[in-house]
Amino acid sequence: MRMPSSPRTPANGGRPRSATSNGRPAETGGNRTNGIPRPGGGGPAASGHGHGHDDRYKWIALSNTTLGILMAVLNSSIVLIAMPAIFRGIGLNPLAPSNTSYLLWMLMGFMVVTAVLVVSLGRIGDMFGRVRMYNLGFAVFTVFSILLSITWLHGTSAALYLIVLRIGQGVGGALLMANSSAILTDAFPSHQRGLAMGINNVAMIAGSFIGLILGGVLAPVEWRLVFLVSVPFGLFGTVWAYLKLRDTGVRTKSHIDWWGNLTFAAGLIMVLVGITYGLLPYGGHTMGWTSPFVLVMLFGGLAILVLFGYIETKVAQPMFHLDLFRIRAFAMGNAANLLASLSRGGLMFIIIIWLQGIWLPQHGYAFNITPLWAGIYMVPLTVGFLIAGPTSGFLADRFGARPFATVGLLLAAASFILFQILPVNFPYPAFAGILLLTGLGMGMFGAPNQTGIMNSLPPNQRGAGAGMTVTFMSSAQVLSIGVFFTLMVLGLAASLPSALLHGLQAQGVSTAVATRVSHLPPVGSLFAAFLGYNPMAQLLGPAGAQLPHHTFVYLTGRSFFPKLISGPFGKGLHEAFDFAFGACIVGAIASLLRGAKYIHGQEQPAQREPAQQAVAETTMGALVD
């Protein structure tokens, strides 16, 4: 029987029971009936200023989850920058048309599996213990990191081996990401969650750029080191989490929603696979968006996701309570998160291509060392995150998420306009200043927005809710890469072929060779620049050996291709930054509509919006049914 909700304060003052007398984790907090929190009872979320929170434990939880997130994100970006060394190590040319799919899956497989699994694994954490799932994530991630470093295969077999193990590593990353925010929300009182989320978000963003530099340093020495570097931290974190972390949140006894999990996974996998293969040329087209396979994946996946939504409204214990989207702070926070990720996801790739393919070679850097220096020159972006993340999170604890998240997205939008004012061969101080502004804006948005989302969730839905947030972010990043690359390729396709044809003919290259090179898909030039290969050497292929030596040296030097591509690249760049600007503006509007500061469980039922009251009653009913 469902018990009515009650505004009464529990006898224990709303303090959570985080552990039993023998030190074992308690499954729930607050007033309990057979281990089930009563409506109005104070679980961890209900203790307004955290009188029942363990001051020492919350910092242990923060430091451990920060290490976990840093390790997962760093490993993703370190592989990004080490890709040329990895493919050289296994004896495979990633730019050969038959090998491009291996390159794409090495780049995006980790993000795809993370996006697909985080909601399901977050929900399982709600059911069986968030710390237990988080600990498992540390162990899984570490095991697969070790296996990745002992590759003995070569060629396509090695590529498939690495892709499969990267997917396994992504499962560990999904377990970490799905439960870390929920663990922090359980451990910290509501007036300190913004600071905690700020520090955690800084680790997430900083890890992506630290990985770029670390990969550039380690990969030339030995490519296996890019996987081994995370093993000591993984082993330490696994043991530390097992010994020190404990479940302090509400645990809900329920059954796994198999149909919901299967349809959500199948639908999202199809959509993300469709986006991935849409980046490859198809037939006579520069990209694959007209491929029947891509269209079936995209529209079929969307249809299955609609079916998932229908299933979740019919099952008694759904994987994800769609009613949570009736909470305005949760719905608008996730909408803003989705749009911010759309604007940011492809940004790093485009800036890397800009630096590695054009700016660094024009300033005397050889193509093979541009990956390392691209990471170094992008440090101002990380500095912006480091400054704004914890500061805005701390202030959001007092003033709410809306002002900081909204202003942060507006600052990011302004930075995208400023990027368009820069010439392609820019003065670095101006470029660094705009990067810093982008980092400040995104850092100002991230922590307050995540805090607002987590504060709005019922205690027994924090894992699934945090998982949905990560799914929005990861899926949007994959989509963003697809959008940014498409805009760049369309911009290049409009003018690069004629620029290549006339530029090569002016250097004495035969019309036949110049015509063949000019008709190659522009995406090959983008991938070459992204990986730190010499684009002209790849485009000329065997024909380069037939050219006079001085002509070949000039064509493959540091000035010919960067100058040739600057005009077409600049056009695509403007279109990509226009898209990012639009996404940030719409995201800022969504953030503005989130409403005033809202913390679930700290308002009386009479003060709730009707949707929030309905969700509260539904959630309490699920706890006591």
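The values are calculated or read from the model by the stated rules, or taken from the named source; none is laboratory data. Worth saying up front: this structure is predicted, and the values here are computed from it rather than measured. Ideal geometry is used to build each Cβ from the backbone, glycine not excepted, and the neighbour counts take in all protein chains shown. For the accessible areas, the whole protein counts, side chains as well, though only heavy atoms, and no ligand, DNA or RNA atoms are used. Shrake-Rupley method; radii C 1.70, N 1.55, O 1.52, S 1.80 Å.
Kindly establish whether Ala329 is of a type in the set (Gly, Ala, Ser), more than 23 Å from Trp105 (Cα to Cα), surrounded by 16 or more Cβ atoms within 10 Å (Cβ to Cβ) and under 19 Å from the mean Cα position of the chain (by Cα).
No, not satisfied.
Might you check whether a residue that is in a helix (DSSP H, G or I), among the β-branched types (Val, Ile, Thr) and open to solvent by 10 Å² or more (accessible area, probe 1.4 Å) occurs anywhere in the range 343-358?
no
Among (1) more than 26 Å from Glu312 (Cβ to Cβ); (2) open to solvent by 10 Å² or more (accessible area, probe 1.4 Å), there is one condition Arg166 misses while meeting the rest; what is its number?
Condition (2) is where Arg166 drops out.
Just the residues that are within 21 Å of the chain's Cα centre (by Cα), within 15 Å of Ser76 (Cβ to Cβ) and surrounded by 23 or more Cβ atoms within 10 Å (Cβ to Cβ), please, taken from the range 127-163.
Gly137, Phe141, Phe144, Ser145, Leu162
Check the range 268-278 and report whether any residue there is in contact with a helix residue (DSSP H, G or I) (Cβ under 7 Å, 6 or more places away or on another chain), more than 29 Å from Pro521 (Cα to Cα) and touching a residue at least 40 places away in the same chain (Cβ under 8 Å).
Within the range 268-278 (the criterion being in contact with a helix residue (DSSP H, G or I) (Cβ under 7 Å, 6 or more places away or on another chain), more than 29 Å from Pro521 (Cα to Cα) and touching a residue at least 40 places away in the same chain (Cβ under 8 Å)), the answer is no, since none of the residues qualifies.
Report yes if Val226 is in contact with a helix residue (DSSP H, G or I) (Cβ under 8 Å, 6 or more places away or on another chain) and either over 30 Å from Pro459 (Cα atoms) or assigned to a helix (DSSP H, G or I) (or both), otherwise no.
In short, yes.
Can you list residue pairs whose Cβ atoms sit under 6 Å apart, with the first residue in the range 147-173 being more than 19 Å from Thr114 (Cα to Cα) and the second being open to solvent by 20 Å² or more (accessible area, probe 1.4 Å) and charged (D, E, K, R)? Count only pairs 6 or more apart in sequence or on different chains.
Ser149/Arg224
So which helices (runs of 4 or more DSSP H) stay within the range 412-524 end to end and still have 2 or more residues that are open to solvent by 10 Å² or more (accessible area, probe 1.4 Å), closer than 30 Å to Ile124 by Cα and touching a helix residue (DSSP H, G or I) at 6+ places or on another chain (Cβ under 6 Å)?
Output list reads 428-455, 462-506.
Would you mind stating whether Ser392 is closer than 17 Å to Leu592 by Cβ and in contact with a Pro (Cβ under 6 Å, 6 or more places away or on another chain)?
For Ser392, the condition - closer than 17 Å to Leu592 by Cβ and in contact with a Pro (Cβ under 6 Å, 6 or more places away or on another chain) - is met.
Would you call Trp289 in a loop (DSSP other than H, G, I, E, B) and open to solvent by 20 Å² or more (accessible area, probe 1.4 Å)?
When the stated conditions are applied, Trp289 passes them.
State whether one or more residues within the range 88-105 are out of contact with any helix residue (DSSP H, G or I) (no Cβ under 7 Å at 6 or more places or on another chain), among the charged types (D, E, K, R) and farther than 30 Å from Lys244 by Cα.
Within the range 88-105 (the criterion being out of contact with any helix residue (DSSP H, G or I) (no Cβ under 7 Å at 6 or more places or on another chain), among the charged types (D, E, K, R) and farther than 30 Å from Lys244 by Cα), the answer is yes, since at least one residue qualifies.
Could you please let me know if Ser120 is in contact with a Lys or Arg (Cβ under 8 Å, 6 or more places away or on another chain) and of a type in the set (S, T, N, Q)?
No: the conditions fail for Ser120.
For the range 332-342, how many residues meet the condition of being farther than 30 Å from Pro423 by Cβ and surrounded by 20 or more Cβ atoms within 10 Å (Cβ to Cβ)?
So the answer is 6.
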